[in-house]
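S.K.: One structure, pasted below without further comment.
The values are calculated or read from the model by the stated rules, or taken from the named source; none is laboratory data. Please read these numbers as outputs of a predicted model, since none were measured by experiment. Neighbour counts are summed over all protein chains in view; Cβ atoms, including those assigned to glycine, are modelled from backbone coordinates with ideal geometry.
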Amino acid sequence: MSAVCLIFGLALLAALWSVPMAPGFTAHMLRHMALVALVPPLIVIGLPALRGFAMPALAAALVEFAVVWGWHLPVFHEAAQVDPVWFAAEQGSFLLAGLAVWGAVLRPGAELAGAGGLLLTSMHMTLLGALLILAARPLYGAICYGGDALWDQQMGGMVMLGIGMPVYLVAGLLRVRQVLGEEGAPS
């Protein structure tokens with residue numbers, strides 16, 4: 001199972017970084033979410049040794065919060081769209097933050113702290129997605145393509161909600177279930 005996860009995670013990462021993405025904010029958000037919520041857990045499951053180097057789960061969640069929200073400040077978001085060095089820094093930091101979170105929350109013995117980190121991440125991803133959807137004007141007009149930049153931004157917010165919220169929420173609830181299952185087990 002772990003080898004399959006690793007192969008799939010690395011294949012998805014290779015596709016994200018080698019296959020040209022469609023233009024626009026929505027496609028860009030799809031890449032972002034894959035780099036923090038889909039690729040890292042697959043790699044961490046495939047390489048359990050990564051869990052041993054992880055920081056505490058809540059600290060990792062705060063690092064990811066800073067990375068995700070920092071890169072979504074319009075000035076940094078736009079810089080990553082026009083400069084290959086900024087783009088590489090953005091993509092690399094998303095992946096590293098994702099690996100930090102998933103390495104921490106999947107560490108054996110850190111189930112409850114992992115659940116807290118995942119649920120915190122679910123909340124901030126939901127908040128950012130809602131901000132993108134509910135904004136009255138395009139926040140990223142320079143990179144939203146097509147006839148309706150606000151619609152593109154709103155669809156990007158929907159991608160964030162549609163991937164981030166359920167992935168982190170379900171994983172967090174599964175970690176809680178592990179704790180409750182251990183407490184309810186006969187001795």
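S.K.: Go through 167, 85, 176, 101 for me and flag whichever is surrounded by fewer than 19 Cβ atoms within 10 Å (Cβ to Cβ), modelled with pLDDT of 90 or more and either in contact with a Leu (Cβ under 9 Å, 6 or more places away or on another chain) or polar (S, T, N, Q) (or both). Break it down stepwise before answering.
M.R.: Numbers: 167 fails: surrounded by fewer than 19 Cβ atoms within 10 Å (Cβ to Cβ); 85 fails: either in contact with a Leu (Cβ under 9 Å, 6 or more places away or on another chain) or polar (S, T, N, Q) (or both); 101 fails: surrounded by fewer than 19 Cβ atoms within 10 Å (Cβ to Cβ).
Answer to the check: 176.
S.K.: Can you name the condition, by its number, that residue 75 falls short on among (1) surrounded by fewer than 22 Cβ atoms within 10 Å (Cβ to Cβ); (2) of a type in the set (Val, Ile, Thr); (3) within 14 Å of the chain's Cα centre (by Cα)?
M.R.: (3)
S.K.: Also, quick follow-up: From (1) within 16 Å of the chain's Cα centre (by Cα); (2) without any contact (Cβ under 8 Å) to a residue 24 or more places away in the chain, pick out the condition that doesn't hold for residue 135.
M.R.: Going through (1) within 16 Å of the chain's Cα centre (by Cα); (2) without any contact (Cβ under 8 Å) to a residue 24 or more places away in the chain one by one, residue 135 breaks only (1).
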